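Colleague: One structure, as structure tokens, below. Some questions next.
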Amino acid sequence: MRRSGSNPLAFSNILSWFKIRLSCPETGSILETNQLEADDALRSSIMSWKSGCDLTGVANDRGETSNNQPRSKVDILFIDGLECFSRQFYLSAPIKELYELQYRRMHGPRIDFELTFEGAILPISENPISTLVPSSAEFYVQVKFPALETFANY
């Protein structure tokens, strides 16, 4: 949410503020109204960032190389103990972008995690995804939380 002409603020924080006073949370100046407007462009940017559109690149281009050859894509399913989600990546994308996408998807406190493929931990590297799967296919990576697994063993 944003008040016309101001920086974005969390909706719940604004509502809490307006319960006690009718002033701008940023400047302290008295407001004529407490009418708020949704910032759909900001919401869309946040959702796009969270979904990793800038990482995968799949949704933002025509899927061709510089010589107009089609780029191979792969569907990757991320699985942890609570949820799963799928994203399409180019096989030429670096493995480290899988880690970046998972990091963005995590809610709450940030804890260490690892991505595994066929039982082996994936290194965070610039190596392309094609080093894991040589052709377009669907595969899954498992998200593991070593700290939680250690705790669960006690």
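Colleague: In region 1-113, which helices (runs of 4 or more DSSP H) lie fully inside it and hold 2 or more residues that are within 30 Å of Ile129 (Cα to Cα), at pLDDT 75 or above and not charged (D, E, K, R)? Step through it out loud before you land on a result.
Modeller: Details: elements: 11-20, 40-51, 53-56, 96-105.
Ranges flagged: 40-51, 96-105.
Colleague: Report, ordered by the first and then the second residue, all pairs with beta carbons closer than 8 Å, sequence separation of six or more or different chains, a first member in region 31-52 that is over 20 Å from Ser12 (Cβ atoms) and among the small types (Gly, Ala, Ser), and a second member that is at pLDDT 75 or above and outside any helix (DSSP H, G or I).
Modeller: Listed by first residue and then by second, the contacts come to Ser51/Arg87; Gly52/Arg87.
Colleague: Somewhere in region 117-139, is a residue part of a strand (DSSP E or B) and modelled with pLDDT under 80? Lay out the reasoning, then the answer.
Modeller: First, the residues of region 117-139 that are part of a strand (DSSP E or B): 117, 120-121, 128, 138-139.
Checking which are modelled with pLDDT under 80 leaves us with 138-139.
Checked against the condition, which is being part of a strand (DSSP E or B) and modelled with pLDDT under 80, region 117-139 yields at least one hit.
Colleague: Which ones in region 95-107 are surrounded by fewer than 18 Cβ atoms within 10 Å (Cβ to Cβ) and in contact (Cβ under 8 Å) with a residue 24 or more places away in the chain? Walk me through it before giving the result.
Modeller: Here is the first cut: in region 95-107, the ones surrounded by fewer than 18 Cβ atoms within 10 Å (Cβ to Cβ) are 96, 100, 103-107.
Passing the criteria: Lys96, Glu100, Arg104, Arg105.
The values are calculated or read from the model by the stated rules, or taken from the named source; none is laboratory data. These numbers come from a predicted model, not from an experiment. Quick reminder, even Gly has a Cβ in these numbers, built from the backbone with ideal geometry, and neighbours come from all protein chains shown.
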